[in-house]
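Visitor: Below are the structure tokens for one structure; questions will follow.
The values are calculated or read from the model by the stated rules, or taken from the named source; none is laboratory data. Predicted model only: the values in this text are computed from it and were never measured. Cβ: placed from backbone, ideal geometry, glycine included. Neighbour counts: every protein chain shown.
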Amino acid sequence: MQQPAAKLHPTPNMVHHTAYITYDAKATVDFYTRVMGLEFCSAVMDSRLPSTGEPMPYFHIFFRLLDGSHIAFFECPGIPARQPVPHLAHHVFNHLALEVDSREDVDAWAEWLTSQGVVIAGPIDHGIIYSVYFSDNNGLRSEITTTLDPTWNDHPQEAARDLALWEQVKSEATEKGSDVSKALFDAIERERALGNITVHG
């Protein structure tokens with residue numbers, strides 16, 4: 001079982017901000033203020049990268065959530081167009097999830113997003129959370145979710161067990177020259193049949 005890192009420094013308190021690339025800062029401000037209802041709270045404009053000093057004019061915009069965390073974007077002229085994702089997983093798994101208070105709130109968001117011309121998937125009941133999915137004006141996959149099981153993130157022993165199983169199945173399949181994805185699929189289905197997995201992610 002993996003142990004927490006030694007307490008050599010303070011544990012981070014919260015997510016300060018997550019940052020993504022945008023090709024249109026103005027359209028992004030419109031989406032996150034008008035559609036998402038967030039405050040456009042700050043912006044940074046500079047001509048060089050602070051870390052290297054390299055000439056690269058950029059505009060960095062921030063939107064504040066109710067807990068004090070932020071979603072941020074960079075617009076930088078000349079960035080090549082975003083390439084199509086090589087696999088569906090890149091689009092589905094890479095996403096930003098925002099929490100609301102109840103299922104009713106998720107349903108209300110689904111109605112609101114649809115009324116604004118935003119294509120949605122769901123709402124979907126995952127057992128531990130209830131969510132609706134959509135993409136912003138930049139193609140960033142996003143999620144509005146609410147917690148159904150208040151203990152969903154309090155299973156460290158089970159998480160360590162599942163990680164060990166995941167790594168074991170991958171290792172054994174690789175050594176045998178077997179299809180790793182099929183081996184993992186079969187192992188997960190066996191665990192589900194045994195009642196060890198009850199949640200769909």
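Visitor: Residue check, Thr33 against (1) free of Cβ contacts under 8 Å to residues at least 24 places away in the same chain; (2) of a type in the set (Ser, Thr, Tyr); (3) outside the structural domain of Val132 (by TED's automatic domain parsing), all met but one. Which one?
Guide: (1)
Visitor: Among the residues of the stretch 166-185, is any more than 25 Å from His60 (Cα to Cα), within 22 Å of the chain's Cα centre (by Cα) and either at pLDDT 90 or above or hydrophobic (A, V, I, L, M, F, W, C) (or both)?
Guide: Yes, the stretch 166-185 has at least one match.
Visitor: Where residues in the stretch 11-54 are touching a Leu at 6+ places or on another chain (Cβ under 8 Å) and of a type outside the set (A, V, I, L, M), which of them is nearest to Gly117 (Cα to Cα)?
Guide: Looking at residues that are touching a Leu at 6+ places or on another chain (Cβ under 8 Å) and of a type outside the set (A, V, I, L, M), I get Tyr32.
Visitor: Something else: Which number in (1) within 29 Å of Thr146 (Cα to Cα); (2) of a type in the set (S, T, N, Q); (3) at pLDDT below 90 marks the one condition that Thr52 misses?
Guide: Going through the list (1) within 29 Å of Thr146 (Cα to Cα); (2) of a type in the set (S, T, N, Q); (3) at pLDDT below 90, Thr52 breaks only (1).
Visitor: Shifting gears a bit: From (1) in a loop (DSSP other than H, G, I, E, B); (2) modelled with pLDDT of 90 or more; (3) surrounded by 13 or more Cβ atoms within 10 Å (Cβ to Cβ), pick out the condition that doesn't hold for Phe31.
Guide: (1)
Visitor: Taking strands (runs of 3 or more DSSP E) that fall entirely within the stretch 94-201, which contain at least 1 residues that are basic (Lys, Arg) and not assigned by TED's automatic domain parsing to the domain that holds His70?
Guide: On the way: elements: 96-99, 120-125, 129-135, 141-147.
Filter on the stretch 94-201 gives 141-147.
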